[in-house]
Amino acid sequence: MYELVLKGGRIYNREGEWDIGIRDGKIAKIGKGLKGKEEISCEGCIIYPSFANVHTHVPMSLLRGIGSDLPLMDWLKKVIWKVEGKLVSPEFVRVGALLGVAEMIMSGTTLFVDMYFFEEEVAKVCKEVGIRAGLGFGILDFPTPVAKSPQEYLERAKKFLEEFRGEDLVFPVVCPHAVYT
């Protein structure tokens, strides 16, 4: 008997309907007629592996569409960095992360890698909703609401790495922003 069985779904690379038996959080068997302590009917559904999004700035979901017609450097220097300087706060990051994470889950994404400000807020959201994420503070060479100097960014990043090391859902990563910053 399995802990969970997904019953009668169509698997993306097989003909017909199949059951998927899950034990210890992992697929243990794909077959027919499997029994589980918990069973979920997947009739009429397609079962496929989840997606991973490995380049996100998830709280920026709240800024979607602003200046989207501009070339990258104009968009950054003339629009986004100025808007972020006025709006970014722990609450902004939390609300943006909730929206972005909800959209990812709805599209089948179960893992993402994110770089932004106040990443401890993104970590809290991930732990609340149960999504896996590699998270890191962006390291820049100019002042923002989160740090005033490269050294301060590095100190914040180090503290973040130490705080979230060993977590089940959140793994901390180092995130220098880009060669131009």
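Scan the stretch 114-133 for residues that are touching a residue at least 40 places away in the same chain (Cβ under 8 Å), farther than 14 Å from Met60 by Cα and not basic (Lys, Arg) and jot them down.
Matches in the stretch 114-133: Glu120, Ala123, Cys126.
Can you run down the residue pairs with Cβ atoms below 7 Å, 6 or more apart or on separate chains, where the first is in the stretch 6-19 and assigned to a strand (DSSP E or B) and the partner is open to solvent by 100 Å² or more (accessible area, probe 1.4 Å) and among the hydrophobic types (A, V, I, L, M, F, W, C)?
From the stretch 6-19, the pairs are Gly9/Ile46; Arg10/Ile46.
Count, please, the residues in the stretch 57-71 that happen to be modelled with pLDDT under 95 and under 19 Å from Ile139 (Cβ atoms).
0
Within the stretch 20-58, can you find the residues that are part of a loop (DSSP other than H, G, I, E, B) and touching a residue at least 40 places away in the same chain (Cβ under 8 Å)?
Hits for the stretch 20-58 are Tyr48, Ser50, His57.
Of the residues Lys7, Lys29, only one is touching a Gly at 6+ places or on another chain (Cβ under 6 Å) and either among the aliphatic types (A, V, I, L, M) or surrounded by 12 or more Cβ atoms within 10 Å (Cβ to Cβ) (or both); which?
Unique residue meeting the criteria: Lys29.
Pull out all pairs, ordered by first then second residue, where Cβ-Cβ is under 7 Å, the residues are six or more apart or on different chains, the first lies in the stretch 158-181 and is open to solvent by less than 70 Å² (accessible area, probe 1.4 Å), and the second is charged (D, E, K, R).
Phe160/Glu119; Phe160/Glu120; Leu169/Lys127; Leu169/Arg132; Val170/Lys127; Pro172/Arg165; Thr181/Asp141
The values are calculated or read from the model by the stated rules, or taken from the named source; none is laboratory data. All values derive from a computational prediction rather than experimental measurement. Reconstructed Cβ throughout: ideal geometry from the backbone, glycine too, with neighbour counts over all protein chains shown. Ligands, DNA and RNA are stripped out before the accessible areas are found, and what is left, the full protein with its side chains, is counted by its heavy atoms. Shrake-Rupley method; radii C 1.70, N 1.55, O 1.52, S 1.80 Å.
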